[in-house]
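**Q** Take this structure, written in structure tokens, and hold onto it; I'll ask about it next.
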Amino acid sequence: MTQATGAIRSNEGSEAEVWPLRTRAVSHIGSACVLEGTGEFDLDDLHLVRGRFPDRHVTLDGDVT
């Protein structure tokens, strides 16, 4: 599988049924999906995104473990 290095895409919508309600923008950096919110994401938001990407490592900002 080929991965882009440094490619950023910001063309994905932030539909309420797919992303947390606080989502303002969805970007892709390489194989990472980055959500930008209008405020802090909480644990419910984290669980929602983890449910969408069950085989990926999903963290809140600052949580890099």
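The values are calculated or read from the model by the stated rules, or taken from the named source; none is laboratory data. Just so we're clear, the structure is a prediction, and the values are computed from it rather than from any experiment. Quick reminder, even Gly has a Cβ in these numbers, built from the backbone with ideal geometry, and neighbours come from all protein chains shown.
**Q** How about region 33-54: which of its residues are surrounded by 11 or more Cβ atoms within 10 Å (Cβ to Cβ) and farther than 9 Å from residue 22 by Cβ?
**A** Answer for region 33-54, where residues must be surrounded by 11 or more Cβ atoms within 10 Å (Cβ to Cβ) and farther than 9 Å from residue 22 by Cβ: 33, 34, 36, 46, 47, 48, 49, 50, 52.
**Q** Going by the structure shown, is residue 21 modelled with pLDDT of 90 or more and hydrophobic (A, V, I, L, M, F, W, C)? Write out each step before concluding.
**A** Values: modelled with pLDDT of 90 or more: no; hydrophobic (A, V, I, L, M, F, W, C): yes.
Considered against the rule, which asks whether it is modelled with pLDDT of 90 or more and hydrophobic (A, V, I, L, M, F, W, C), residue 21 comes out as no.
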